[in-house]
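The structure appears right after this line, and notes come after that.
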Amino acid sequence: MTAETADLRPGYAISRVIKGGWQLAGDHGPVDRAEAVRDMEAFLDAGITTFDCADIYVGVEEMIGDFIGDLRRRRGADVANSVKVHTKLVPDLGLLENIEPDQVEAIIDRSLKRLQVEQLDLVQFYWWDLTMGDPLVGLEVLKRCQEKGKLAHLGVTNWDIVETQPFLDAGFDIVSTQVQYSILDRRPESGLTAWASAHDMQLLCYGTLAGGFLTERWLGATDPGFAFENRSLIKYRLIIDEFGPWEAFQQLLTVLKSVGDKHGVSLSTVATRWVLDQSQVAAAIVGARYARHLPQTLEVFDFALDADDQTAIDTVLRDAPGPQGPVFGLERDRGGRHGRIMKYNLNTRPDDKVLGSG
């Protein structure tokens, strides 16, 4: 098995499976921090060289930084530098009207410190509400940080064409867009993938396994409703509602299991492979706290979906179109049921005096 890679730009290659970090953040259940940091090395050694995090994933940049720092001490700079980290810059909703350029750069400097690196490989920009303040301030600061060598590449997240186009028109080189894309949620297919292809931009896809719903654990299970303490499960249970009734979801799981049995892989592996095979997808982000399921994750590089598999899957998808509208459109409605579960002010913490909180 050889982990597949993709070039976002000449000279910048990433693994086509990215280790996601959201599950390591707050509100996702208890995490054994030492084990999580230690297990990151197993992913790297297996060819999963790329890690996803964000300034608003509480504690995750620091965990990856501890991993990189320890790796540098034990195995040298070359091995440590082989780790690719994609973080995000997401200013708090409450700061958008008045955020200053030096506050934006302070977030970048803080990420550099947390990650224990001299340059950020990719920073993905998001502005909660483009009608508030001046979002160009954020990207202009990032461009200056790029010129200073603080970051190598610039991407965006949770935007569709309408939100992204003005920044391309302003001359920014955006190499990637990180969006929710899974066999349950195919909103990127409504124009974004073709548009991204025309603008030399690739998709980095999260929600690939719908927070764990696209696994054997839920095959044959009764509808749990929404009684979850884990915010991720609530988010993706809402996506299942948009996909179709619980029965349609079970039908999909049954087909994925059948395809997986045919190839000797799990249904979650089939779901991940399906995403990787879609147009303009560079990588799938798979949330994993520890390395316990790493062998199963790596199965995605060992098989291919054939025409019969695609037909079986497409038969289910024709009757269950899934969420409609633009990428992140449902979630962007802060008054809707998707938007109400979001947290909009996670960037500034009590000790972040540089961001004006104290």
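The values are calculated or read from the model by the stated rules, or taken from the named source; none is laboratory data. Bear in mind that the values here come from a model prediction, so they are computed numbers and not experimental data. Virtual Cβ from ideal backbone geometry, glycine too; neighbours counted across all protein chains shown. Accessible surface is based on the protein model in full, side chains and every heavy atom, while ligands, DNA and RNA are left aside. Shrake-Rupley method; radii C 1.70, N 1.55, O 1.52, S 1.80 Å.
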From the protein chains alone at 1.4 Å, what is the descending order of accessible area for His338, His293, largest first? His293, His338
Using a 7 Å offset from the Cα along the Cα-to-Cβ direction at both Ser190 and Arg9, what is the distance between the two label points in nm, to one decimal? 3.1
Simple spin-label estimate for Ala307/Gln165, 7 Å along Cα→Cβ, in nm, reads 3.8
Projected label distance in nm at Asn81 and Glu118, using a 7 Å step from Cα toward the beta-carbon: 0.8
Relative to the present Cα-Cα distance, how much length would full extension add between Thr315 and Thr254 at 0.36 nm per residue of separation? 20.7 nm
Measure nothing fancy, just the Cα-based angle from helix 307-318's long axis to the longest principal axis of the chain, in degrees from 0 to 90, nearest 10. 80
With Cβ to Cβ distances under 10 Å as the rule, what net charge do the other residues near Asp160 carry (K, R +1; D, E -1)? +1
Given H placed 1.01 Å from N in the peptide plane, which residues other than close sequence neighbours of Tyr206 have an amide H under 5 Å from its amide H? Val179, Gln180, Tyr181, Ile285
At 0.36 nm per residue, and after removing the present C-alpha to C-alpha distance, how many nm does the segment from Glu100 to Lys343 gain when stretched out fully? 85.3 nm
Express the relative contact order of region 61-219 as a whole percentage, based on alpha carbon pairs under 8 Å and six or more residues apart in sequence. 18
Taking R0 as 51 Å, what's the FRET efficiency between Ala221 and Glu147 from their Cβ-Cβ distance, rounded to 0.05? 0.45
Exposed loop GluC sites (Glu not before Pro) only (DSSP loop, at most 15 other Cβ atoms within 10 Å): please give the longest stretch of the chain free of them, not including the sites. 230-358
Cα-Cα longer than 32 Å, checked against Lys19/Lys143; Lys262/Lys343; Lys150/Lys343, kept in input order, equals Lys262/Lys343
So who's got an amide H within less than 5 Å of the one on Gly21, skipping anything under 5 residues away but keeping other chains? H placed 1.01 Å off N, in plane. Asp52
Förster-model FRET efficiency, 45 Å R0, Asp134 and Glu247, C-beta, rounded to 0.05: 0.45
Under a point-charge model restricted to the Cβ atoms of Lys and Arg (+1) and Asp and Glu (-1), what is the dipole moment magnitude of the chain relative to its Cα centre, in debye to the nearest 20? 680
Taking only C-alpha positions in the chain, Rg and Dmax in angstrom work out to 19.6, 60
